Amino acid sequence: MMEAIRGFWVASATPLATDGGVDHARLAAHAKQLFSKGVDGVVLFGTTGEGTSFNVAERVATIEAMLKAGVAPERIGIGGGFPAISDSIALTRAVLGLGLRHVLLLPPYFDRSVTPEGIEDAFAAIIDGVADDRLRASLYHIPQISGVAIPTTVAASLRKRYGKLVAGLKDSSGDFKQFQAFRAASPELAITVGNEADIARAIAAGGAGTICGMANVAPELVKAMIDGKDVEARMQAAIDVVVKTPSFLATLKAILAAQTGDAAWLRVRPPLRALSDGTASKRKLDELMAPAVV
């Protein structure tokens, strides 16, 4: 079993049923369709998956349904970040018991005055509280969204303290210099990037691969980046189609609805508001993707 997340992983969007709960069947089908495009694994309930809108019980029930649908546990990672450390511990214990190993851990967010020592204490409290050698945690650095950065010194210290239990780090800062700083501080960590435009240069610099959201709608283009094809400009243009909108998540789901012909993908959880149509954005992506895979 993979000791850390490596290769081509997707930060999956989360389809919703009419009652606002997770649509387990659609999610399993989405994962399998991504696997058919060369994807190695999916991370559920991260930023792209509206993760902070789902509680521990909902996340565990979704993992149970994915496994029942035949998705292998080694191909699933899960967002395990909560403001409450006890929730992170409870979720991590539960999914380890179901056969998963890969949990992405945010630093506890909301309080933006925390010190590096406090951030390390929080991660240590989770790992010590879980107390399970099966864990292969990835630290999740996305300060522009969470409001709390992971200092490079903290990442390095946690790896030194816990060894393979702290297996990796996902850098979604979008700052390649930050990726390089993590690599320099702790080269033993498997560092993935979330910014698709950085995939090729990150892999060339020793990165472990990607966990990214754009692969939900443009997996071929992301795969071209991983394969080292000269498509960075197209990738950035594709990112802009989604990011330069009022809501990245609502736009991504609207594109999925247009691609699949399934309007159920439009559903989002409050405080997000659903878009009515993603056809125009889909058309732009189609134009960018076609030459990328030649």
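The values are calculated or read from the model by the stated rules, or taken from the named source; none is laboratory data. Worth saying up front: this structure is predicted, and the values here are computed from it rather than measured. Glycine gets a Cβ as well: all are built from the backbone with ideal geometry, and neighbour counts include every protein chain shown. Please note that ligands, DNA and RNA were not included when accessible areas were found on the heavy atoms of the full protein model with its side chains. Shrake-Rupley method; radii C 1.70, N 1.55, O 1.52, S 1.80 Å.
For this structure, a couple of remarks:
- Failed criterion for Trp265 (all others in (1) surrounded by fewer than 18 Cβ atoms within 10 Å (Cβ to Cβ); (2) within 19 Å of the chain's Cα centre (by Cα) hold): (1)
- Contact map, the stretch 70-84: residues that are touching a residue at least 12 places away in the same chain (Cβ under 8 Å) paired with residues that are buried (at least 22 other Cβ atoms within 10 Å of the Cβ) and of a type in the set (Phe, Trp, Tyr), Cβ distance under 8 Å, separation 6+ or inter-chain. Pairs shown: Gly77/Trp9; Ile78/Phe45; Gly79/Phe45; Gly79/Tyr140; Gly81/Tyr140.
- Boolean, Thr251 is outside any loop (DSSP other than H, G, I, E, B), in contact with a helix residue (DSSP H, G or I) (Cβ under 9 Å, 6 or more places away or on another chain) and hydroxyl-bearing (Ser, Thr, Tyr): yes
- Residues satisfying the stated conditions in the stretch 116-141, i.e. out of contact with any strand residue (DSSP E or B) (no Cβ under 8 Å at 6 or more places or on another chain) and within 15 Å of Gly77 (Cβ to Cβ): Arg134
- Every pair of residues 6+ apart whose Cβ atoms lie under 6 Å, when the first sits in the stretch 262-280 and is without any contact (Cβ under 8 Å) to a residue 12 or more places away in the chain while the second is not basic (Lys, Arg): Ala263/Ala257
- Listed by first and then second residue, the pairs with beta-carbon distance under 8 Å, at least 6 apart or on different chains, first residue in the stretch 1-27 and closer than 15 Å to Val71 by Cβ and free of Cβ contacts under 8 Å to residues at least 40 places away in the same chain, second open to solvent by 10 Å² or more (accessible area, probe 1.4 Å) and part of a loop (DSSP other than H, G, I, E, B), form an empty list.
- Screening the stretch 123-229 for strands (runs of 3 or more DSSP E) wholly inside it with 1 or more residues that are open to solvent by 10 Å² or more (accessible area, probe 1.4 Å), in contact (Cβ under 8 Å) with a residue 60 or more places away in the chain and within 28 Å of Gly97 (Cβ to Cβ) returns the ranges 136-141, 166-171.
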